[in-house]
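Below is one structure, written out as structure tokens, with a few remarks after it.
The values are calculated or read from the model by the stated rules, or taken from the named source; none is laboratory data. If you're wondering where the values come from, they're calculated on a predicted model, not measured in any experiment. Note: ideal-geometry Cβ built from the backbone for every residue, glycine included; neighbour counts use all protein chains shown. Only protein heavy atoms, including side chains, enter the accessible area calculation; ligands, DNA and RNA are left aside. Shrake-Rupley method; radii C 1.70, N 1.55, O 1.52, S 1.80 Å.
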Amino acid sequence: MIWRFLIIAVITYLLGSISSGVIVSKLFLHDDLRHHGSGNSGATNAYRTMGAKLGLLVVLGDVLKGVLAALIGRWIGGADGGWIAFFFVILGHAFPVFFGFKGGKGVLTTAAVFGVIDWRILVILFIVFLAFAVTTRYVSLGSVCAAASLPIQMIFLHGASPWWYHVIAFVVAAGVIWLHRGNIKRLLTHTESKFSFKRAK
């Protein structure tokens, strides 16, 4: 079983390292998304920097790799493999080996993984995200609150699951929040940008 987990880890990390934001920006704009806006390759920065159409391509790419990673993990290693895939695809997304270990924050890809692993968690993540993002127009606040809810959801929905499922969920949630540390500082100082449907100039 160990060799299966190793295969899952390698495949899903490399899959996660395929940065949709960087690829789309270089392919269509001959530029690097990470040189603009918030400096990361995530969907929010893509939308603000490149507009709705190219931003949607980034969203689809981040979602697709999360779904594929979870499916590959479960195909090779069953339920346990899905959780291994979850950890490593997010690791690759945040620290992509193909793009200098500077990637996105993992929110969309995390949600996509749970579309395969446990749809109930996906629904709750989405509700928590919308509740905070829509009412405040701070996408980062919605993302942080959704991430913070993950370990709590695990207690209620997966209380009988292996302990390391909970460890992975906690580590990924903590990692997503840590990757938002700049946003959190700006939220505290009231300098964080609110979401707008207008493209940043």
How many residues does segment 95-115 hold that are among the charged types (D, E, K, R) and either without any contact (Cβ under 8 Å) to a residue 12 or more places away in the chain or open to solvent by 60 Å² or more (accessible area, probe 1.4 Å) (or both)?
-> 1
Residues satisfying the stated conditions in segment 127-146, i.e. buried (at least 18 other Cβ atoms within 10 Å of the Cβ) and in contact with a Lys or Arg (Cβ under 9 Å, 6 or more places away or on another chain) | 138, 139, 140, 143
Out of 180, 166, which single residue is farther than 23 Å from residue 46 by Cα, surrounded by 13 or more Cβ atoms within 10 Å (Cβ to Cβ) and of a type outside the set (A, V, I, L, M)?
-> 166
Counting only residues that are under 17 Å from residue 180 (Cα atoms) and not polar (S, T, N, Q), which one in segment 22-47 is surrounded by the fewest Cβ atoms within 10 Å (Cβ to Cβ)?
-> 39
Qualifying positions in segment 98-136 - of a type in the set (Lys, Arg) and farther than 16 Å from residue 45 by Cβ = 120
Provide a single number: the residues in segment 90-123 that are among the β-branched types (Val, Ile, Thr) and farther than 15 Å from residue 176 by Cβ.
-> 4
Evaluate the following for residue 62: is it over 24 Å from residue 183 (Cα atoms), in a helix (DSSP H, G or I), in contact (Cβ under 8 Å) with a residue 12 or more places away in the chain and open to solvent by less than 60 Å² (accessible area, probe 1.4 Å)?
-> no
What are the residues in segment 30-45 that are of a type in the set (A, V, I, L, M) and modelled with pLDDT under 85, if any?
-> 43
Filter segment 65-94 down to residues that are of a type outside the set (A, V, I, L, M, F, W, C), touching a residue at least 40 places away in the same chain (Cβ under 8 Å) and either more than 18 Å from residue 40 (Cβ to Cβ) or open to solvent by 30 Å² or more (accessible area, probe 1.4 Å) (or both), then give me how many there are.
-> 5
